[in-house]
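A.B. asks: Please see the structure below; I have some questions.
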Amino acid sequence: MKINQYALVDDTLREGPFPAESLAEGPSQPGESWYDVSQAEPDALLRFLAPLTLHPLVLDRCLKPANDPSVLSIGQAVLLEFPAATDRTDLTPTYITILLHGPVLVTIRRSPVPAIESLIEEFRAGKMPPVHHLPQLVFLILDHLADANVDAELAVRDQIANVAEKLTEKSESVTAGDLARLRAQVDDLVSLIENQLYCIAGLNASDNDTLQEPHRKAYIQDMVAEAEIAQRSVYRLENRMTDLYTLYQMIGSDRVEKRLRILTIVSATTLPLALVTGILGMNVGGLPGTDNPNAFLIVMAFMAIVAIVELVYFVRKGWFD
């Protein structure tokens with residue numbers, strides 16, 4: 001298990017060492033501290049969290065990998081199981097556990113979360129604003145995780161636009177499998193944003209004293225509003241995806257209709273010719289031209305004229321348009 005420790009000193013987040021031998025002591029350092037835990041092992045994590053004397057339900061959620069969003073507020077502790085995407089193409093969520101308990105913030109990552117790594121690098125580079133308290137740091141973490149959705153939405157939107165352009169220019173290059181994969185991305189994005197909105201709304205409804213100060217409450221409400229905007233945006237992507245399916249089906253139907261039209265023209269053109277060959281092929285006496293050496297050429301010329309007249313008729317009537 002790997003633990004990175006960061007302390008709030010003079011409104012600045014400073015990275016500090018976390019010796020292996022102090023792991024059993026847990027997060028009991030003075031002041032406000034952030035402990036970012038990765039590669040979590042249940043036994044080591046249990047020893048690490050023991051000094052916080054967490055409620056059993058909160059402790060259990062910290063130790064077990066999450067597969068659904070949740071918000072718990074018990075006593076001084078607020079726990080979020082927050083979903084995040086690992087990259088712009090693979091939108092299968094990975095869950096990060098965020099535990100705020102008085103002067104201690106613990107984040108538990110069981111798989112890589114690039115948005116957290118990016119936030120830490122920005123802190124190291126001095127690109128982040130002053131951090132006055134841990135709730136503000138929680139908001140920054142959630143904001144960074146939610147910002148990754150914007151990139152994913154833009155990527156999916158561009159893919160939908162590209163597929164729509166291909167459908168109008170070269171429809172044969174787009175298959176039903178392409179649309180199904182794109183639809184799966186949209187569905188994953190919808191699920192991700194809805195679950196994030198659930199967590200942020202639960203945080204807004206929390207009765208934890210740490211989050212009740214007016215300016216902190218206002219920040220959470222802003223995050224709820226942003227999440228709702230993201231939700232509406234992804235619903236628009238769903239509608240565009242539905243329109244894309246409709247366009248694909250319409251183009252496919254038009255392609256089938258054109259092929260059937262050609263088959264109909266061929267059938268209509270060959271039907272009189274088949275009638276002529278059927279009549280002349282009857283093995284009965286009295287057929288005209290049987291004694292004329294030019295009868296075959298006359299019949300073939302007649303059949304060609306009939307076919308040409310039919311094709312000219314179909315062209316003038318717009319059957320080939």
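Please treat every number below as a calculation from the coordinates, not as lab data. Nothing here was measured: the structure is a model prediction, and the numbers come from that model. Glycine also receives a Cβ, built like all others from the backbone with ideal geometry; neighbour counts cover every protein chain displayed.
A.B. asks: List pairs: first in segment 204-229 and surrounded by 19 or more Cβ atoms within 10 Å (Cβ to Cβ), second assigned to a loop (DSSP other than H, G, I, E, B), Cβ under 8 Å, 6+ apart or cross-chain?
C.D. replies: Listed by first residue and then by second, the contacts come to THR210/GLN76; THR210/GLY102.
A.B. asks: Which ones in segment 180-231 are among the small types (Gly, Ala, Ser) and out of contact with any strand residue (DSSP E or B) (no Cβ under 6 Å at 6 or more places or on another chain)?
C.D. replies: The answer is ALA180, ALA184, SER191, ALA201, ALA205, ALA218, ALA225, ALA227, ALA230.
The rows are residues; the columns are (1) of a type in the set (D, E, K, R); (2) buried (at least 16 other Cβ atoms within 10 Å of the Cβ); (3) farther than 15 Å from LEU8 by Cβ; (4) within 27 Å of the chain's Cα centre (by Cα).
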position	(1), (2), (3), (4)
PRO93	no, yes, yes, yes
ILE98	no, yes, yes, yes
VAL113	no, yes, yes, yes
ILE116	no, yes, yes, yes
HIS132	no, no, no, no
PHE139	no, yes, no, yes
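A.B. asks: Still on this structure, please answer the following. Suppose the filter is outside any helix (DSSP H, G or I), out of contact with any Gly (no Cβ under 7 Å at 6 or more places or on another chain), surrounded by fewer than 20 Cβ atoms within 10 Å (Cβ to Cβ) and touching a residue at least 60 places away in the same chain (Cβ under 8 Å); does ASP188 pass it?
C.D. replies: On the way: outside any helix (DSSP H, G or I): no; out of contact with any Gly (no Cβ under 7 Å at 6 or more places or on another chain): yes; surrounded by fewer than 20 Cβ atoms within 10 Å (Cβ to Cβ): yes; touching a residue at least 60 places away in the same chain (Cβ under 8 Å): yes.
Judged against the criteria, ASP188 is not a match.
A.B. asks: Determine, yes or no, whether VAL256 is surrounded by fewer than 12 Cβ atoms within 10 Å (Cβ to Cβ) and in a helix (DSSP H, G or I).
C.D. replies: Values: surrounded by fewer than 12 Cβ atoms within 10 Å (Cβ to Cβ): yes; in a helix (DSSP H, G or I): yes.
Answer is yes for this residue.
The rows are residues; the columns are (1) part of a helix (DSSP H, G or I); (2) not aliphatic (A, V, I, L, M).
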{"residue": "TYR198", "(1), (2)": "yes, yes"}
{"residue": "GLY202", "(1), (2)": "yes, yes"}
{"residue": "SER206", "(1), (2)": "no, yes"}
{"residue": "THR210", "(1), (2)": "yes, yes"}
{"residue": "TYR219", "(1), (2)": "yes, yes"}
{"residue": "MET223", "(1), (2)": "yes, no"}
{"residue": "ILE229", "(1), (2)": "yes, no"}
{"residue": "GLU238", "(1), (2)": "yes, yes"}
{"residue": "MET241", "(1), (2)": "yes, no"}
